[in-house]
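We did not get these values from a lab; they are worked out from the coordinates using the rules stated. Remember, it's a predicted structure, so these values are computed and weren't measured experimentally. Every residue, glycine as well, gets a Cβ built from its backbone with ideal geometry; the counts of neighbours run over all protein chains shown.
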Amino acid sequence: MDTLSHALWGNGLFGYKKYWKVAIFFGAFPDLISFGVLFFVKFFSGSLKYGGPPTLESLKQLEPFPEWLFLMDNLSHSFVIAFMIIGIVSIFRRELFWPMLAWPFHIVLDIPFHTKDFFPIQFLWPVSDIFFDGISWSSPYVIFPNFAGIILLYVLRIKKII
């Protein structure tokens, strides 16, 4: 799923009053820690390429992704790592427990919407490398319901139904 959607879902479900920015951050965190870092590395090294969104085929033809990117993606998309860090943080800052749950929810959303061909979500890493071969999040069957779900969530929040 795209990073903006993750941030919106995180805020919509876990962002309440004082800590809504924390929920937005942790909703997007797994993508920021991997592809966000890659963006900055490429930007500051001058190797960032501009253009439209890449297709899976065009990505395969580009230079290979750096090895560290796969490690960061596995680290940030692991329930094991997420709950371990949330547990440690909540010992010292209990009020951050709820908004930080946007992180594992990000993982829940990614599991069915990543294929085995492009960064499959190894949600139990480093304990297991198991993953689910899902439907690409860029598919219209996923994108349109995703946007509709986000709109519905915010309408319900605005009307104070949830």
Would you please name the trypsin sites (Lys or Arg not before Pro) within the range 86-156 that are DSSP coil residues with at most 13 other C-beta atoms within 10 Å of their C-beta? R93, K116
Helix-only [θ] at 222 nm, the chain, -39500 (n - 2.57) per DSSP H run of 4+, per residue, nearest 500, equals -17500 deg cm²/dmol
Difference of contour (0.36 nm per residue) and Cα-Cα distance, F118 to I88: 7.7 nm
Taking P(r) over Cα pairs in 5 Å bins from 0, in percent straight from the coordinates, which label in (1) 1, 8, 18, 23, 23, 17, 7, 2, 0, 0; (2) 2, 8, 15, 20, 20, 16, 11, 5, 2, 0; (3) 2, 8, 18, 20, 20, 14, 8, 5, 3, 2, 1, 0 is the correct one? (2)
Expected vector for the range 141-154, Karplus 3J(HN,Hα) from phi with 6.51, -1.76, 1.60 and θ = phi - 60°, integer Hz, x for Gly and Pro, equals 5, 9, 4, 5, x, 4, 4, 4, x, 5, 4, 4, 4, 6
Here the relative contact order (percent) of the chain, from C-alpha pairs under 8 Å and at least 6 apart, is 28 percent
If the reach is capped at under 19 angstrom between alpha carbons, list the aspartates and glutamates near K17, excluding any in the same chain fewer than eight residues apart. E95
